[in-house]
Amino acid sequence: IQFWSYTIVEYFGGDDGYRCGYCKNEKSNFSHGMWSHTMTVQDYQDLIDRGWRRSGKYVYKPIMNKTCCPQYTIRCHALKFQPSKSHKKILKKMNKFISQGELPKGQQDGKSLFSLYNRYFCINSSQAICCHLSFSTFGICILCLTAEPMDSVCEETGPREPWMGADANRPLCQKAKELRKERRLQKEQMRHDADKVSSFVPLTPPAPTQTNQPKLLEDFITQSLTNNSSHCLEVRLVRSNPPCPQFKASFDASYQVYKLYQMAIHKDPPDKPSESQFRRFLCDSPLEAEYSPDGPELGYGSFHQQYWLDGRIVAVGVIDILPTCVSSVYLYYHPDFASLSLGSYSALREMAFTRQLQKQSPKLSFYYLGFYIHSCPKMRYKGQYRPSELLCPETFVWVPIERCTPHLDNARYVRFNQDLDADARVLKDVGRAMVLYKRSVMPYAVYSRKRKGSSDEREVQQYAGLVGQDCAERILLYRN
């Protein structure tokens, strides 16, 4: 039997509580878990559509009605997505940085960060001009622009020193409310003047105007880019399992960015984000590389999407490409570029990547953002990617997030599907669940007659109910 073509798991149950990373309670987080030795992309697709999610090779499912911070699977219709006002600001901020070379002021002073960047990054003003968004056969997305010499940046327009006081040559600042009032008065005056003119001059019908079509996400990613831009941003997709040569060559540089990110953003001590921990958490994956005639050219499986700025890695998005979606696993970035909102920017790029893959594989049309945690305000940002749906924790049907949030305002755990007679896809026959026992594949009903010792039917019944009847009949549950 070729075991590599199966999904093989060991089930661990979920009776013990552990520390929650969101509310920080020590033993209030509960989830079911299993270790996956290998897994097909279709099985993982079916599992995440039942509330499971992977971390390395460990696959877990929160116990929604018991855990302190219920985690609801969220997905966005990538083809219908339109960037919001805040998303457009993030894209424009990145484009401004690429074209003008100035980091926006964030947690650190923008000018000092820019000087630090200039010291460690080599800017080559002789680079060829290439301004486009494209996905090659190898999944490389390039946004490349000519760099200008750093000494060409004007220092005279920089911020005034605090001791110099207000600039007398500048007009006084006005509140947004006052500006809106002035514009409204100006429009009323213009309409009043037009009415006076119309009483003397015959009006002609206005020329038909073409309706403005909303800009696509891809348009915002590449807009406002000039020929004399300061930086070159390249997004490379490299397969992490099995690791391709490009992934191996960039492993150390990618790990160093991860280590800086964990220490600065999550306050980890220097010895915690070790190389082995990084490999287990973000490089190891149970998903084997799979290819299909109607699938994407680069195949299915686990990948790292690396953001190279002027030849250096500044951020990495860990993703899984599955039969119907791109699933976001994790994102880490260099802390010096935190002011660029790289978390949101990478999500928008992954959304655009999903839309590009859909052209090759029609079924692949969703972008999964992981878990939505309404009880944690910092995790509600995922709901801003519309149109989005949350997975009902009891019936496993998708419900528009607009219908879910009013209920989540009143209770942490909610069954979104209000149809009480809806099919919860319960387990029908545990005897048909497949197990791997002594290197042989057999239904659980056959295995239970062969094994000796105490019965494990209760454990297998719980496992099969969590993965569902279809997965239970395909996935091999390891029995010793």
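Brief remarks follow.
- Annotation: lysines with alpha-carbon distance below 29 angstrom to K450 (same-chain offsets under eight excluded): K428, K438.
- Point-charge dipole on Cβ atoms (K/R +1, D/E -1) for the stretch 318-409, about Cα centre, debye to 20: 240 debye
- Spacing of the two label points (7 Å from each Cα toward its C-beta) at N410 and R449, in nm: 5.3 nm
- The separation of the stretch 258-320 from the stretch 35-67, counted between C-alpha centres, amounts to 18 Å.
- Counted residue by residue at 0.36 nm each, then reduced by the alpha carbon distance between them, the extension gain from E182 to R279 reaches 29.1 nm.
- Directionally averaged projected area (convex hull, Cα atoms, the stretch 339-458), nm²: 13.0 nm²
- Exposure proxy order (Cβ contacts within 10 Å, fewest to most) of H87, H266, H304, H37: H266, H37, H87, H304
- Charge context of T354, other residues only, Cβ under 14 angstrom, K/R +1, D/E -1: +3
- Net length gained if the chain between A249 and R432 were fully extended (0.36 nm per residue, minus Cα distance): 61.4 nm
- Charged side chains reduced to their Cβ positions (Lys and Arg at +1, Asp and Glu at -1) give the stretch 343-480 a dipole of some 700 debye around its Cα centre.
- Cα gyration tensor shape of the stretch 306-385, rounded if a/c is under 1.5, else prolate or oblate by comparing a/b with b/c: oblate
- Student exercise, the stretch 229-331 dipole from Lys, Arg, Asp, Glu Cβ charges, in Debye to nearest 20: 360 debye
- Least to most buried among R349, R412, R184, R355 (fewest other Cβ within 10 Å first): R184, R412, R355, R349
- Calculated on C-alpha atoms, the gyration radius of the stretch 1-100 divided by its Kirkwood radius gives an Rg/Rh of 1.14.
- With neighbour counts taken as other beta-carbon atoms within 10 Å, the residues M351, M434 rank, fewest first, as M434, M351.
Read-outs: derived from the displayed coordinates by stated rules, not from any lab. No experiment lies behind these values; they were computed from the predicted model shown. FYI the Cβ positions are ideal-geometry reconstructions off the backbone, even for glycines, and counts take in every protein chain you see.
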